[in-house]
Structure formats: structure tokens, C-alpha cells
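Report on the following structure.
The values are calculated or read from the model by the stated rules, or taken from the named source; none is laboratory data. Keep in mind that this is a model prediction, so the values were computed, not measured. Neighbour counts run over all protein chains shown; Cβ positions are idealised from the backbone, glycine included.
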Amino acid sequence: MFLKEFYSGTNDCINITAEQGSLFAKEIANDFNPLHDIDSKRFCVPGDLLFSIVLEKYGVSSKMDFTFSGMLGHGVALSFPETQEDYFEVEGSNNKTILKVNRSGEINNDKSLINELVRNYVSFSGQNFPYILVPLMAKKKVMINLTRPLVMYDSMSLEFDRLDFVDPKVEMLEPELNVNGKRGNAFFHFQIKSGDNVVGKGFKKIIISGMREYEEEPMQAFVDNYLASKEAYLNSRGIKL
């Protein structure tokens, strides 16, 4: 699979460098969250990369739930258990659980299908900011802390009606944002189609900390800077927008 360039190691123990994690975020997921910048003091490996590696190693199950229980920084080795169990945990060499996986039903290990599903899902997932999240925040009259933005991947879920589909495409459904004081929970709902048929559905949940009252001009300036940084990076790599 194409994921091999984004990690190294054996079947059950792998390492992801800051360079690999940042490259995946920017060039596969189209995700320019500052937390994935190589030089960020709070650097963390993209949750979508961990999700993708799980699918590569364990296949796609009829139902899968992922809970990100810790941020994975640079230099932490990951242990992926050899298991047939429905529930398992991915642990780091720092003795912390990084990811919890719960699965059930049939399993499809077709590498071509997994490649297409991964590419489509992470492309959808990585563009939640600013195109989906910012309008949601404006509607609720709240926004992130622009000087210290903290938007974290909490969990995601997948459920399929069948697993014998081809050419999967992820389509956005109605998103939602629940706000409680300075904390927000955003849910990005989606469906998965094969041709004209809906074959699956799911959602991604993110947690936002330090929310405050919405201000149009500062928020727009933040978005403009984010998109300018994205464009500059892609141009430097010769990647067309």
C-alpha cells in the first residue's frame, strides 16, 4: 500500500517520524493543522494516519469504532497487537494507549479497496477546517482561540451495509457543533457511496478547547493565513491546488 512511506518498522512495532506524519497530513489528507507542522512544539501524528494503518493491518470490518485516547508525538514507537479479537488497543513506547479500536462483522482485506477508502476518507477528513468548521462556528457565534488553536481528533465511526463494493466515495452529510462554555464537540457526518448506491456511513468527532465569542475579521484573517500557508507549501512542492 502507499502508506509504507509514512512509517517504518516491523509488523507489530512501527515508528512515525515528524517528517512522515507532517507529509501525510499535508499531501495525503490536505490537513494543515499547525499541530502537524514538523517544528511545532506540540507536534502530533495525524489521527487519520493511525486510522489508515489500522485498516492496512487489520482490514475493513462491517462496523468499526476508533477512539483517540492520546496524542502521538515524535519518537514514540507504536505497538500493533497480533490479534483476531474485536477490541484491541494500540500502545506507545511511552506506556500510553494511543488508539482504541472496536470492530465487528465481516472483514474485507482487499488492498485496492482499502487504498481507495483511505484516500477518499482522509481527503474528506482533512478539509473539515476551514470549509466546514468555520461556517459551523459562525452559526453558533463562537470560534477557536486564534493565538493557541486546539482542535483535536477525538473519535470516528464506520458502518457498512456490505463490503463487496468498489470505488468508494465519501460524501458529506449535515454536520453539527455542540457548544458548552469554552468547549465544543463537532460531528462531521458522512456517507460512503459506490456508484449511485450508499454502502456505508459514519462520523468524525473533534473536540475544540478554549472557544470564545465569534469575531468575523480576526477569524477571516486566520483563515486567509491558513489558506495562504497551504498554497505556499503546495506550490513549493509543485502540487496543483
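Observations, loosely collected:
- Against the test of being without any contact (Cβ under 8 Å) to a residue 24 or more places away in the chain and among the charged types (D, E, K, R), the options ASP161, ASP167, ASP224 yield a single qualifying residue, ASP224.
- Residue in the stretch 190-204 that is within 20 Å of ASP110 (Cα to Cα), assigned to a strand (DSSP E or B) and of a type in the set (D, E, K, R) present: yes
- Of the helices (runs of 4 or more DSSP H) entirely within the stretch 80-162, those holding at least 1 residues that are more than 18 Å from the chain's Cα centre (by Cα) and surrounded by 13 or more Cβ atoms within 10 Å (Cβ to Cβ) occupy 111-126, 133-140.
- Contact map, the stretch 26-45: first residue surrounded by fewer than 21 Cβ atoms within 10 Å (Cβ to Cβ) and of a type in the set (Val, Ile, Thr), second residue part of a loop (DSSP other than H, G, I, E, B) and modelled with pLDDT under 90, Cβ cut-off under 9 Å, separation 6 or more or different chains; pairs are ILE38/HIS74.
- All conditions in (1) at pLDDT below 95; (2) of a type in the set (Val, Ile, Thr); (3) farther than 25 Å from PHE2 by Cα hold for VAL142, with the sole exception of (1).
- The residues listed here are SER157, SER229, SER236; of these, the one that is under 30 Å from ARG103 (Cβ atoms) and of a type in the set (Ser, Thr, Tyr) is SER157.
- Residue check for LYS26: at pLDDT 90 or above, of a type in the set (D, E, K, R) and assigned to a helix (DSSP H, G or I): yes
- Single residue of the stretch 12-38 satisfying the filter (among the polar types (S, T, N, Q) and under 12 Å from the mean Cα position of the chain (by Cα)) that is farthest from ILE239 (Cα to Cα): ASN33
- Pairs with Cβ under 7 Å, 6+ apart, first in the stretch 53-82 and farther than 19 Å from VAL122 by Cα, second modelled with pLDDT of 90 or more and assigned to a helix (DSSP H, G or I): HIS74/ALA18; PHE80/LYS57
Let's see how each residue does on (1) assigned to a helix (DSSP H, G or I); (2) of a type in the set (Phe, Trp, Tyr):
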residue: SER22; (1), (2): yes, no
residue: PHE32; (1), (2): no, yes
residue: SER40; (1), (2): no, no
residue: PHE43; (1), (2): no, yes
residue: GLU56; (1), (2): yes, no
residue: PHE66; (1), (2): no, yes
residue: GLY70; (1), (2): no, no
residue: HIS74; (1), (2): no, no
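- Checking PRO46 against (1) farther than 25 Å from GLU159 by Cβ; (2) touching a His at 6+ places or on another chain (Cβ under 9 Å), the condition it does not meet: (1)
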